[in-house]
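The values are calculated or read from the model by the stated rules, or taken from the named source; none is laboratory data. All values derive from a computational prediction rather than experimental measurement. As a convention, Cβ positions derive from the backbone with ideal geometry for all residues, glycine included, and neighbour counts pool all protein chains shown.
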Amino acid sequence: MDPTRFHVVRDHSLARDHDNLLVQHLESKIMTTSRWTAADLPSQDGRIFIITGANSGIGLHATRALAEAGAHVVLAVRDVGRGEAAARSISGDCEVRRLDLADLASIRSFADSWPGGVDVLINNAGVMRTPERRTADGFELQIGTNHLGHFALTNLLLPRVTDRVVTVASGAHRGGSISLDDLNWQRRSYQRWAAYQQSKLANLLFTLELQRRLTAAGSPIRAMAAHPGYAATNLQFRSERGLEDRVMAIANRLFAQTDEAGARPTLFAASQDLPGASYVGPDGFGEHRGYPTLVGRTAAASDVEMAERLWTLSEELTGVRFPSAPVR
């Protein structure tokens with residue numbers, strides 16, 4: 001199967017005959033087990049991974065699993081001290097490099113200092129439901145970190161990537177909408193949850209357009225997306241609203257799966273033979289928990305025209321463009 005042929009994956013819930021045949025083929029070809037875990041990772045000997053936000057949560061568990069499978073993993077983190085503490089807990093080959101996704105200068109410095117190739121870039125870092133804040137470049141913090149930061153990083157590193165880019169999205173994209181006229185909440189009344197939903201929808205549109213561009217360039221590199229379901233991580237406790245955070249803590253204990261389980265879709269997307277633009281999430285009810293499988297997305301997340309328009313705006317805002325140099 002040529003992974004570059006499938007540059008658009010529509011919502012499986014609205015799939016036509018072609019999409020149904022594709023899903024059936026993939027299920028017979030790669031879904032040989034419905035209970036895939038990190039223990040099923042193939043050997044990653046000799047492979048290099050960069051994982052943003054790798055010092056905690058699903059990023060740390062993905063780092064740990066890949067390092068134990070033989071990969072060299074780079075923890076790309078804002079706080080080097082916390083990154084080094086996390087690295088000491090990992091049995092395997094890893095290193096820590098500073099990267100602040102809320103600062104384009106830091107992103108450019110990270111990319112400029114990268115010494116060679118990288119097999120897989122995992123765009124994992126993110127913020128959620130934060131108070132209204134701005135990045136170093138004036139972007140709203142959630143769209144700036146979750147989308148624009150990873151947009152810039154990916155395009156700057158893309159000439160060095162040899163296999164794939166995996167971007168961690170969220171089921172929250174289902175309630176999201178993109179405001180191209182006010183992406184950074186400068187004219188609208190700020191709503192922290194809506195801002196998060198917009199950023200997660202942007203992750204899926206970015207993946208869609210990245211794969212389209214890679215395919216058009218004749219590149220074998222694949223762009224994937226994954227979401228962890230409802231996983232208990234520290235991401236839920238950034239609202240700075242005491243009562244709200246306490247409610248989230250209770251909900252985590254009652255309903256969430258572990259962050260280790262939440263890392264499975266990321267690991268699956270990073271290691272399995274999937275077509276470009278695939279979206280991986282848990283197979284349980286509502287995609288809240290379970291084992292990794294291909295999942296659907298909303299019509300808004302499959303909007304090819306919006307994906308292209310968001311890409312153009314993202315280039316204008318960041319000053320970073322799809323590389324003109326050959327993409328492997």
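Structure values in brief
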| quantity | calculated |
| --- | --- |
| Residue match in segment 83-94 (condition: closer than 28 Å to L204 by Cβ, within 20 Å of the chain's Cα centre (by Cα) and crowded, with 22+ Cβ neighbours inside 10 Å) | yes |
| Helices (runs of 4 or more DSSP H) (entirely within segment 42-147) containing at least 2 residues that are within 25 Å of P220 (Cα to Cα) | 57-68, 104-113 |
| Criterion: in contact with a strand residue (DSSP E or B) (Cβ under 9 Å, 6 or more places away or on another chain), crowded, with 18+ Cβ neighbours inside 10 Å and more than 16 Å from S278 (Cβ to Cβ) - qualifying residue of L204, L157, L208 | L157 |
| Filter result for the condition that a residue is farther than 21 Å from D103 by Cα, touching a Gly at 6+ places or on another chain (Cβ under 9 Å) and modelled with pLDDT of 95 or more, over A231, A223 | A223 |
| Any chance R213 is at pLDDT 95 or above, among the basic types (K, R) and part of a loop (DSSP other than H, G, I, E, B) | no |
| In segment 268-313, the residues that are among the polar types (S, T, N, Q) and surrounded by fewer than 23 Cβ atoms within 10 Å (Cβ to Cβ) | Q272, T293, T298, S302, T312 |
| Checklist (1) buried (at least 24 other Cβ atoms within 10 Å of the Cβ); (2) out of contact with any Gly (no Cβ under 7 Å at 6 or more places or on another chain) applied to T145, failing item | (2) |
| Criterion: surrounded by 24 or more Cβ atoms within 10 Å (Cβ to Cβ) and under 17 Å from D163 (Cβ atoms) - qualifying residue of A69, A54, A62 | A62 |
| Conditions (1) within 23 Å of S170 (Cβ to Cβ); (2) assigned to a loop (DSSP other than H, G, I, E, B); (3) at pLDDT below 95: number failed by M1 | (1) |
| Filter result for the condition that a residue is within 12 Å of G53 (Cα to Cα) and surrounded by 15 or more Cβ atoms within 10 Å (Cβ to Cβ), over R108, R97 | R97 |
| Yes/no for I122 being under 23 Å from E260 (Cα atoms), surrounded by fewer than 21 Cβ atoms within 10 Å (Cβ to Cβ) and modelled with pLDDT of 95 or more | no |
